[in-house]
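Contents: one structure, followed by commentary.
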């Protein structure tokens with residue numbers, strides 16, 4: 001069983017640029033959630049995708065957007081990068097449907113905005 | 001609104017000591033789920049346990065035990081006879097019925113030899 005994978009591992013961007021982060025969900029999981037984890041903080045929910053549709057969103061501006069593909073992999077796009085966007089971005093996948101299923105996390109993408 | 005509070009920012013213990021990590025949550029939902037995750041220095045969150053709001057039974061898994069008390073909205077985690085490999089950041093999380101997770105700010109545990 002393949003776990004959750006994310007790419008790239010590390011990324012350095014300049015303020016104002018755009019970035020795309022990628023996530024492959026664990027086999028059998030059709031729900032993908034994205035989190036932002038600033039240094040020394042807990043992960044903050046960005047949004048969730050279920051069967052290619054956005055299924056809830058946290059308190060993040062519209063310049064954070066996402067996609068989910070038919071194979072349930074997902075992308076997180078961030079436009080007009082700001083210094084505060086520097087963080088670890090975590091992707092998590094879970095079993096379909098009901099609440100309460102544990103989310104399986106990928107290793108994360110470390111984004112640095114200079 | 002959902003909220004998880006982990007008041008202990010950092011705890012240091014000597015190997016073989018017992019340590020309890022506190023977690024207090026807030027929710028208006030009657031159905032919810034509580035989790036503990038471990039984040040070692042590598043960064044990947046590792047699932048430890050899940051509890052639903054209807055199951056207040058405490059659980060023990062090896063050196064780990066969890067105490068869930070709805071009356072005080074707490075879900076505390078105890079490590080017995082701590083080991084250096086237990087050093088990590090531990091997160092408590094609350095999930096609503098739609099599988100969105102709300103994490104606390106984490107407790108960094110340092111276990112010294």
Across A:65-75, the residue-averaged tally of Cβ atoms belonging to other chains within 10 Å stands at 0
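Would you please calculate the Kirkwood hydrodynamic radius of chain A over all C-alpha pairs and express it in Å, rounded to one decimal? List each step's numbers first, then the result.
On the way: mean 1/r = 0.0715 Å⁻¹.
That comes to 14.0 Å for chain A.
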Each residue of B:45-58 has, on average, a number of other protein chain C-beta atoms within 10 Å of its C-beta equal to 2
Shielding of A:38-45 by other chains, given as the mean Cβ count within 10 Å, works out to 5
Restricting to Cα pairs under 8 Å and 6 or more apart, the percent relative contact order of the range A:43-88 works out to 27 percent
Relative contact order of chain A (C-alpha contacts under 8 Å, at least 6 apart) in percent is 37 percent
A correct fewest-to-most ranking of A:102, A:54, B:10 by other Cβ atoms within 10 Å would be B:10, A:54, A:102
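Readers should treat all values here as calculations from the given coordinates under stated rules, not as data from a laboratory. This is a predicted model, so every value here is computed, not measured. No Cβ is skipped: glycine too gets one built from the backbone with ideal geometry, and neighbour counts run over all protein chains shown.
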